[in-house]
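Asker: One structure follows; several queries about it will come next.
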Amino acid sequence: MIWRDCIRTLLEVKDPQLLHYGRYEAIFLRRMKRRYGELCAPDGFIDKLLAEALNIVSVIHGNVYFPTYSNGLKELGSHLGYEWSTFIPTGLRSVAVRRDWEISQNDRLKQELIAYNQDDCKALEAVVRHLLDLSADWADGGPSAKAIRVDSLKPQWSGNWGKTEFVSPQLSFINKAAYWDYQRDKIYFRSRSRVKSRTVASKRKQLTLPINKIITAPRPQSCPQCGSKRIRWNGRHRKLAYDIKWIKGGIKRWVTHTTITHHLCINCGATFSSGPNQGTRARYGRELLCYVIYNLIQLHVSQYKLAGILQRLFNYPLSQQTINRMKDKAAQYYRGTLEQIKKALVQGQLVHADETHIGLKGRGSYVWVFTSMEAVVYIWSTTRGGDTPQQFLRDFKGVLVSDFFSAYSSISCSQQKCLIHLLRDLNESVLKEPFNNELRLLTQGLAAVVQPIIATIGRFGFKTRLLKRHKKAVAQFYKFLFRGEFNTASARKLQTRVKRNADKLFTFIDHDGVPWNNNNAEHAIKALARLRDVIDCHSNEAGMQAYLTLLSIFQTCEYKGIDFLQFLRSGETDIEALGRNRARMRHSFPA
């Protein structure tokens, strides 16, 4: 028997250790032990062999990068100079040769199979020896002629736009002369009269915007400090405020000219000014700010494109940096609104949670989404660790709906795992293993339990008194699954997965208004994904925090059925108050 001969050969080796490439050998040993036992080997021999086995793929992956297209043994062996003795040495051909040998019992085919496996072992030995040589060369951190440390490589080009530091002022001067604005406005401006006249006309047009409203403050009658009427004029200045005005059927540019006079009290020496809104220095009005945020967050217009739109429509020379500062200003204004949404979520009875990756100035980070049926919160984090959800939900006492990510399992509250995630995974597994009858049977059994529950929900909603009738079917499925003995690895994996989450798969049956899936959080993730395409990894941490604050408010308004632009223009910071007092709003959304 081949299995007995294999064990006897291993026993002849003193303290054998299995070096294998991939998972096949370890799976084979476990399967043969389960079927036939250890036969002539002492107890625990195979378990010890498996515990001390080393998968060379795990050593290479993420640590050593060979100049090959893949980490396949054939490619690595060929790169290191080993040559196979068999014709077309591929795993697929070896299967075909094995089949031909089983049918014909041709000894030539048998010898070819043996030679093929021997070559694989020798190629693996060559790879292992090469790794040992590399390890010895770099043991003391010194250089090596065979390999280069990744952290010692310097990028040839950073790939970032921005200011370049030069070693001398001369190089800086030469580089500045190559910029487009410099050449067009300085060089061609002087050498070509046509360009010169067009440039001058363009600048004159930007500086002479028509004034829509002029505000002049009256002279004060007395000093605000001492009340004396002995005051004199002490100068004045002009302030232009750029804004937009909503009209029937659209919007228009609105420029306000304000003259502010300064005065001096002869009696007490105090200086003061007269004029409306003298305390504010904002160059751009609130309506324009609302329009900018509306385009950035709801319409997903990038800052660069929005700068061009405002220039084209209103002749306002807003740069991308100015728009970015307006976004940060709005996020600061609505920071209290975000805290109100967070508080409402934590004090509620239902929270959906999910997370997704997002790029940030060339490095990876994550955004966590926490949402109910009427509120959404986005939280940025540097890692995917469980600290963020645990910190946010530390006082939450309701039901958490999430996927099977382990970071949510440690949160101390009732949990509902997304059944649609589980069913999709099972469907994919069955498609990969169409002849695995055990896996197909378990998948169909779970679907048979869930389908009537979904039918009840579709007819009556998430009502516990009607859903409890399905508890018996759930218990029967669990009994069948937990007591079953399955031969295939996929079926046993499903059995283990369901056992681990048995108390979290059908929690929604015992709670009113709790769904069986996490689609609510996935919908919020899609909104973030659309905005992520616009940000395009150009934002920093502060900018990302501002984006997520405004996006949280936008999604909350959408869930509550409140128009986001209308909320921005209202000046309110409490979404709930706006919902209660829509009829008394200071502004109305234009028809």
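So that you can scan it fast, the table gives a plain yes or no per residue for (1) of a type in the set (Ser, Thr, Tyr); (2) assigned by TED's automatic domain parsing to the domain that holds CYS226:
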{"position": "TRP254", "(1), (2)": "no, yes"}
{"position": "HIS257", "(1), (2)": "no, yes"}
{"position": "THR261", "(1), (2)": "yes, yes"}
{"position": "GLY269", "(1), (2)": "no, yes"}
{"position": "ILE297", "(1), (2)": "no, no"}
{"position": "TYR304", "(1), (2)": "yes, no"}
{"position": "ARG312", "(1), (2)": "no, no"}
{"position": "GLN320", "(1), (2)": "no, no"}
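Asker: Only one of SER172, SER152, SER135 is more than 38 Å from the chain's Cα centre (by Cα) and at pLDDT 65 or above; which? First the steps, then the outcome.
Answerer: Numbers: SER152 fails: more than 38 Å from the chain's Cα centre (by Cα); SER135 fails: more than 38 Å from the chain's Cα centre (by Cα).
That would be SER172, the only listed residue that is more than 38 Å from the chain's Cα centre (by Cα) and at pLDDT 65 or above.
Asker: Find the residue count for the range 340-357, including only residues that are assigned to a helix (DSSP H, G or I) and under 22 Å from the mean Cα position of the chain (by Cα). Walk me through how you get there before you give the answer.
Answerer: First, the residues of the range 340-357 that are assigned to a helix (DSSP H, G or I): 340-346.
Those still in the list that are under 22 Å from the mean Cα position of the chain (by Cα) too: 341-342, 345.
Selection size over the range 340-357: 3.
Asker: Within the range 107-121, can one find any residue that is exposed (fewer than 10 other Cβ atoms within 10 Å of the Cβ), at pLDDT 85 or above, farther than 21 Å from ALA26 by Cα and under 31 Å from the mean Cα position of the chain (by Cα)?
Answerer: no
Asker: If you scan the range 395-440, which residues turn out to be free of Cβ contacts under 8 Å to residues at least 40 places away in the same chain, β-branched (Val, Ile, Thr) and closer than 21 Å to GLN495 by Cβ?
Answerer: VAL430
Asker: Tell me which residues, restricted to the range 521-561, are more than 14 Å from the chain's Cα centre (by Cα), buried (at least 20 other Cβ atoms within 10 Å of the Cβ) and farther than 17 Å from ASN324 by Cα.
Answerer: SER552, ILE553, PHE554, GLN555, THR556, CYS557 - these are the residues of the range 521-561 that are more than 14 Å from the chain's Cα centre (by Cα), buried (at least 20 other Cβ atoms within 10 Å of the Cβ) and farther than 17 Å from ASN324 by Cα.
Asker: Output the residues belonging to the range 59-76 that are surrounded by 12 or more Cβ atoms within 10 Å (Cβ to Cβ) and within 19 Å of SER135 (Cβ to Cβ).
Answerer: Residues satisfying the conditions are VAL59, ILE60, VAL64, TYR65, PHE66, ASN71, LEU76.
Asker: Condition check: among the β-branched types (Val, Ile, Thr) and surrounded by fewer than 18 Cβ atoms within 10 Å (Cβ to Cβ). Does ILE244 satisfy that?
Answerer: no
Asker: Further question: For the range 29-40, indicate whether the set of residues that are surrounded by 10 or more Cβ atoms within 10 Å (Cβ to Cβ), of a type in the set (Gly, Ala, Ser) and at pLDDT 85 or above is non-empty.
Answerer: Yes, there is a match, as at least one residue in the range 29-40 is surrounded by 10 or more Cβ atoms within 10 Å (Cβ to Cβ), of a type in the set (Gly, Ala, Ser) and at pLDDT 85 or above.
Asker: So for the range 424-437 (the condition being among the charged types (D, E, K, R), over 33 Å from the mean Cα position of the chain (by Cα) and over 30 Å from PRO389 (Cα atoms)), does at least one residue qualify?
Answerer: no
Asker: Moving on. In the range 310-329, how many residues are loosely packed, with under 14 Cβ neighbours inside 10 Å and aliphatic (A, V, I, L, M)?
Answerer: Here the count works out to 1.
Asker: Here's a follow-up. Kindly indicate whether any position in the range 3-17 is without any contact (Cβ under 8 Å) to a residue 40 or more places away in the chain, touching a strand residue (DSSP E or B) at 6+ places or on another chain (Cβ under 7 Å) and either over 30 Å from ALA147 (Cα atoms) or surrounded by 12 or more Cβ atoms within 10 Å (Cβ to Cβ) (or both).
Answerer: No - not one qualifying residue is present in the range 3-17.
Asker: Going by the structure shown, is LEU50 under 30 Å from LEU134 (Cα atoms) and of a type outside the set (Val, Ile, Thr)?
Answerer: Yes; evaluated as a whole, the condition is true for this residue.
Asker: Let me ask another. Please state which one of THR456, THR496, THR464 is modelled with pLDDT of 90 or more, hydroxyl-bearing (Ser, Thr, Tyr) and surrounded by 14 or more Cβ atoms within 10 Å (Cβ to Cβ).
Answerer: Criteria check complete, one pass: THR456.
Asker: Filter the range 366-406 for residues that are among the aromatic types (Phe, Trp, Tyr) and in a strand (DSSP E or B) and give the result.
Answerer: TYR366, TRP368, PHE370, TYR378, TRP380
Asker: From (1) over 30 Å from PHE28 (Cα atoms); (2) in contact (Cβ under 8 Å) with a residue 60 or more places away in the chain; (3) out of contact with any Cys (no Cβ under 6 Å at 6 or more places or on another chain), pick out the condition that doesn't hold for LEU494.
Answerer: (1)
Asker: What residue, of THR90, THR9, THR68, is hydroxyl-bearing (Ser, Thr, Tyr) and under 36 Å from the mean Cα position of the chain (by Cα)?
Answerer: None of the other options fit; the residue is THR68.
Asker: Given the condition modelled with pLDDT of 90 or more and surrounded by fewer than 19 Cβ atoms within 10 Å (Cβ to Cβ), answer yes or no: does some residue in the range 270-281 qualify?
Answerer: No - not one qualifying residue is present in the range 270-281.
Asker: Mind listing just one residue for me: the one in the range 89-106 that is in a helix (DSSP H, G or I) and polar (S, T, N, Q) and, of those, surrounded by the fewest Cβ atoms within 10 Å (Cβ to Cβ)? Talk me through it step by step, then tell me what you get.
Answerer: At the first step, the residues of the range 89-106 found to be in a helix (DSSP H, G or I) are 91-104.
Keeping just the survivors that are polar (S, T, N, Q) gives 94, 104.
Numbers: SER94: 17, SER104: 11.
In this case the residue turns out to be SER104.
Asker: Just for the range 355-373: of the residues that are touching a residue at least 60 places away in the same chain (Cβ under 8 Å) and in contact with a Ser or Thr (Cβ under 7 Å, 6 or more places away or on another chain), which one is nearest to GLY398 (Cα to Cα)?
Answerer: Out of the qualifying residues, it is VAL367.
Asker: Of the residues TYR366, TYR408, TYR378, which single one is in contact with an Asp or Glu (Cβ under 6 Å, 6 or more places away or on another chain), at pLDDT 90 or above and crowded, with 16+ Cβ neighbours inside 10 Å?
Answerer: One residue alone meets the criteria, TYR366.
Asker: I'd like to verify a number: residues in the range 509-555 that are among the acidic types (Asp, Glu) and in a helix (DSSP H, G or I), how many?
Answerer: 4
Asker: Give the residue, chosen from GLN303, GLN332, that is surrounded by 21 or more Cβ atoms within 10 Å (Cβ to Cβ) and within 19 Å of LEU551 (Cα to Cα).
Answerer: The unique qualifying residue is GLN303.
Asker: Among the listed residues ILE103, ILE56, which satisfies the condition of being more than 29 Å from ALA147 (Cβ to Cβ), hydrophobic (A, V, I, L, M, F, W, C) and out of contact with any Ser or Thr (no Cβ under 9 Å at 6 or more places or on another chain)?
Answerer: ILE103
The values are calculated or read from the model by the stated rules, or taken from the named source; none is laboratory data. On a predicted model such as this, the values are computed, not experimentally measured, just so you know. With ideal geometry, Cβ positions are generated from the backbone for all residues, glycine too; neighbour counts draw on all protein chains shown.
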